[in-house]
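Quick notes on the structure that follows.
The values are calculated or read from the model by the stated rules, or taken from the named source; none is laboratory data. As the structure is a computational prediction, the values presented were derived from the model and not from experiment. Here Cβ is always computed from backbone atoms with ideal geometry, including for glycine, and neighbour counts include all displayed protein chains. SASA here: full protein model, heavy atoms, side chains in, ligands and nucleic acids out. Shrake-Rupley method; radii C 1.70, N 1.55, O 1.52, S 1.80 Å.
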Amino acid sequence: MRAYLNIFFVIVRRDLLLAFRNKAEWTNPLLFFIIVIMLFPLAFGSDPTLLKQLTASIIWVAALLSTCLSLETIFRTDFEDGSIEQFILSRYPLLLTVNAKILAHWISAGIPLILIALVTGFVLSLSNQTMFALCTTLLLGTPILSLIGAITAALTIGLRGGMLLSLLILPLYIPVLIFSMLAIQNATVGQSITAEIYFLAGILVLALTLAPIATSVALRIRLS
Amino acid sequence: MSIFSVKNLECIRRDKVLFQGLDFMLEDGDLLQIDGINGSGKSTLLQLCVGLIRATTGTIFWNAENIIDCRYQFQSNISYIGHADGIKADLTVQENITLMHSLSGSPAAVDYPSILKLIGVAGTEKVFVKRLSAGQRRRIGLARLFMTPAKLWLLDEPFNTLDKYGKTIIEQLIVQHCATGGMVIFAAHQLLEMADYTLQHIHLGHH
């Protein structure tokens, strides 16, 4: 058990180190996220009430798009340099490695999104309830994005072009987007958001248990 | 005593029969070379042997048990080095070796400087792998073999991109592993200078 935990953290650390070393790959999706958010006020004009209504939705859509970009790199270099083969053939379960890689992806791509969203929310002076709903939905939602995205990234590994990945992933993200938007709308008008949060938490638990298994199987299939 | 055996193995890729009815068996101390022209299925055979791909027909056994049924037990007994070295360009040599060591599950501590010296890349601990030449990378990929407690080694073109000196090191390593009761299967089309060791041969293709 200790050896398994040890390997888990070794791989999380490795992936974070690699993300940090490869700064362009790591920061590009985040810059893309910021730019998409900034484009909307320009497109909508400077009506503050309209912007306040739309900010949370814009942040969420931008988060989905940015995650598509960052997911492209999750297995790509490991596939190209033969690391995935070594993970599959190691004495430790592939599931362990896959879980570690997804966690590392969430730490390097998901958490910065939440932090940037927080700052954007403050800048656009969202109400406290809306901010709370935005943060909670992002906190529950971004791990789901990493988990579901990993399956698709594993399936499209070795196929050139990130476009296919986005086309496959975005429809799968719709349920998360719907529940998050409902929560934010309810919070804006001062209603309870418990139901939507429970739904998101439910999806998260489901993704947490099933997505790594699907990802491992997809990796094995792609390598055979 | 361990036995690795392959029974009636067949592989068809892109409607072409690569090999059919292949049988062989390895016991402790056995050394097997797979040779054949390019595209004759050497790498495919090795990938079948480790379970990365499934055969159309035929079974592979580790100690009389199908490797599909005892996957992790089998995998803790093998060390596979494929065409790709399985090392990260953005990590330093030392970080790569630490990583290999963790994944190998070997309980023994690893002595980096002496391993690096043995494979002829001494003093490169802090160098990023992307700064090294192809041959040096291959050597670092092969450093896995110094750390693994695995009994069966499967090496795909281990001598590729290696110079004469590197080739000798790996040959010696292979012979030494077999002499201490290990088993090695490797694919290569060069002749080897391991004349003093009995070598089994599998020839793929029609030449």
Spot the failing condition for B:TYR165; the list is (1) of a type in the set (Ser, Thr, Tyr); (2) in contact with a Gly (Cβ under 8 Å, 6 or more places away or on another chain); (3) in contact (Cβ under 8 Å) with a residue 60 or more places away in the chain, and only one is missed. (3)
Residues that are under 24 Å from A:LEU219 (Cβ atoms) and over 15 Å from the mean Cα position of the chain (by Cα), drawn from segment B:19-57: B:GLY41, B:ILE53, B:ARG54, B:ALA55, B:THR56
Of residues in segment A:91-102 being open to solvent by less than 10 Å² (accessible area, probe 1.4 Å) and within 12 Å of chain B (Cβ to nearest Cβ), the one nearest to B:GLN73 (Cα to Cα): A:LEU94
Return the only residue of A:ALA214, A:ALA183 being open to solvent by less than 30 Å² (accessible area, probe 1.4 Å) and of a type outside the set (Ser, Thr, Tyr). A:ALA183
Candidates A:LEU124, A:LEU113, filtered to the one that is more than 11 Å from chain B (Cβ to nearest Cβ), touching a residue at least 40 places away in the same chain (Cβ under 8 Å), out of contact with any Pro (no Cβ under 7 Å at 6 or more places or on another chain) and open to solvent by less than 10 Å² (accessible area, probe 1.4 Å): A:LEU113
On the basis of being of a type outside the set (Gly, Ala, Ser) and touching a Gly at 6+ places or on another chain (Cβ under 8 Å), does A:VAL176 make the cut? yes
Those residues of segment B:1-60 which are crowded, with 20+ Cβ neighbours inside 10 Å, of a type in the set (S, T, N, Q) and in a loop (DSSP other than H, G, I, E, B) amount to B:SER40
Got a sec? Which of A:LEU16, A:LEU69 is at pLDDT 95 or above, open to solvent by less than 80 Å² (accessible area, probe 1.4 Å) and under 28 Å from A:LEU94 (Cα atoms)? A:LEU16
Filter segment B:45-82 down to residues that are more than 9 Å from every other protein chain (Cβ to nearest Cβ) and of a type in the set (A, V, I, L, M) and give me whichever is farthest from B:CYS178 (Cα to Cα). B:ALA55
Could you pull out the residue among A:THR67, A:THR73, A:THR27 that is within 14 Å of chain B (Cβ to nearest Cβ), within 29 Å of B:GLY86 (Cα to Cα) and not charged (D, E, K, R)? A:THR73
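Quick grid of which residues meet (1) outside any loop (DSSP other than H, G, I, E, B); (2) without any contact (Cβ under 8 Å) to a residue 24 or more places away in the chain; (3) basic (Lys, Arg); (4) over 19 Å from A:LEU65 (Cα atoms):
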| position | (1), (2), (3), (4) |
| --- | --- |
| A:PRO143 | yes, no, no, no |
| A:ARG160 | no, yes, yes, no |
| A:PRO175 | yes, no, no, no |
| A:ALA183 | yes, no, no, yes |
| A:ALA187 | yes, no, no, yes |
| A:GLU196 | yes, no, no, yes |
| A:GLY202 | yes, yes, no, yes |
| A:PRO212 | yes, no, no, yes |
| A:ARG220 | yes, no, yes, yes |
How about segment B:63-144: which helices (runs of 4 or more DSSP H) wholly inside it have at least 3 residues that are surrounded by 18 or more Cβ atoms within 10 Å (Cβ to Cβ), at pLDDT 90 or above and of a type outside the set (Lys, Arg)? B:93-104, B:134-142
Search result, residues across segment A:132-152 that are buried (at least 18 other Cβ atoms within 10 Å of the Cβ) and under 18 Å from A:ILE34 (Cβ atoms): A:LEU134, A:LEU138, A:THR142, A:LEU145
